[in-house]
Amino acid sequence: MMFLKIMPVLLSVMIMVSIVLYFVSEKNLMKYLGNDAGLGAYIFAAAIGAIAIIPSFISYPLAGVLVKAGVSYGVISVFINTLKMVGILTIPIEAKFLGYKISILRNILALIGALVVGGLMAFIYSIT
Amino acid sequence: MKKNKKIKFDFFVIFAFMAFALYSYISGYAPGMEIIKDNFWGFFKEMMFILPVMFILVGLFDVWVPKEKVQKYIGKASGIKGIVLVMILGFLQAGPIYAAYPVAYMLWKKGTPPTNIFIYLSSVSIIQVPVIAFEVGFLGFKFFLLRVLISFPVFIILGFILGNYFEKKQFKFMKV
């Protein structure tokens, strides 16, 4: 039943994402996330992940598309981890439970953590 | 009222898209065909396969893991056992991290120490059992394994740092 309840939302989100993906050209995304972008790709992936609110059933397919298009696994891990751990737009929600000081501190530390993980991932992929 | 509006909007999008699809198919409108065949149909196929499995898993966890019982085992005196348990509790949960704050508040109220709560919050983001199928399916098992193995120590250390700071400054979790 829960599955049927969520279907309308799910379908409309899938439709909108399909349309947005058509306009966000792969070439543009690759310019900022591709291997040529170097360190900037990590910063850009972290920025998207920190700001965006994307549910898993959309973020993983999107990450899969990006990998096939040539984005490195290190950059993808930064994207996935920041998406999960860092939420700039949701800091006000978080602050209601933890207070602003701790919320901001947690987000900053998580952002740094995600970049560290991304760097280590890139290193391991480069030697294997 | 608000919920009704949202559902109406969803149905509007769906019907408008169906009309658009039909029009594109009949007239051979190329951008339309690309949106439908390359983007939407790809999503649709994968969702129809993965989502039912996910919902069954989420439902089972809901039934199998009663919250009150878990809390009994993760209090101040629980040590390593408590840490392992809060990690597992985090892993089993799906959804974004802000969905975990109400749980965090509840844990705090029932006497869970801040380090355990921040480790729980970190764990929510490292592995989410209900969406493992997604990650492995779209990014491969190697990526999943590496991301988990590397993220794990980094974010658990982060949980310890935040929890200790929280305790030292005598901060409080707040009820919303």
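The values are calculated or read from the model by the stated rules, or taken from the named source; none is laboratory data. Keep in mind that what you see is a predicted model, and the values were worked out from it rather than measured. Each accessible area value is taken on the protein alone, full model and side chains, heavy atoms only, with ligands, DNA and RNA left out. Shrake-Rupley method; radii C 1.70, N 1.55, O 1.52, S 1.80 Å.
Could you give the accessible area per residue of segment B:123-176, probe 1.4 Å, as a whole number in Å²?
47
Whenever you get a sec, line up A:VAL86, A:VAL67 from highest to lowest accessible area (probe 1.4 Å, protein heavy atoms).
A:VAL67, A:VAL86
Give me the compactness ratio for segment B:93-176, meaning the Cα radius of gyration over 2.2 N^0.38 Å.
For segment B:93-176, the normalised Cα radius of gyration comes out at 1.22.
Taking every eigenvalue of the Cα gyration tensor of segment A:25-127, multiplying by 5 and rooting it, what semi-axes result, largest first, whole Å?
25, 15, 11
In square angstrom and rounded to 100, what buried accessible area do you get between chains A and B, total over both, with the probe at 1.4 Å?
The summed interface area works out to 5200 Å².
For a 19 Å ceiling on Cα separation, which of these pairs sit above it: A:LYS84/B:LYS45; A:LYS84/B:LYS110; A:LYS96/B:LYS109; B:LYS8/B:LYS37?
Check vs 19 Å cut-off fails for A:LYS84/B:LYS45; A:LYS84/B:LYS110; B:LYS8/B:LYS37.
Using protein chains only and a probe of 1.4 angstrom, how many square angstrom of A:LYS84 are accessible, to the nearest 10?
Near enough 30 Å² of accessible area.
Over the heavy atoms of B:GLU167, what accessible area does a 1.4 Å probe trace out, to the nearest 10 Å²?
Only protein atoms counted, so the area is about 80 Å².
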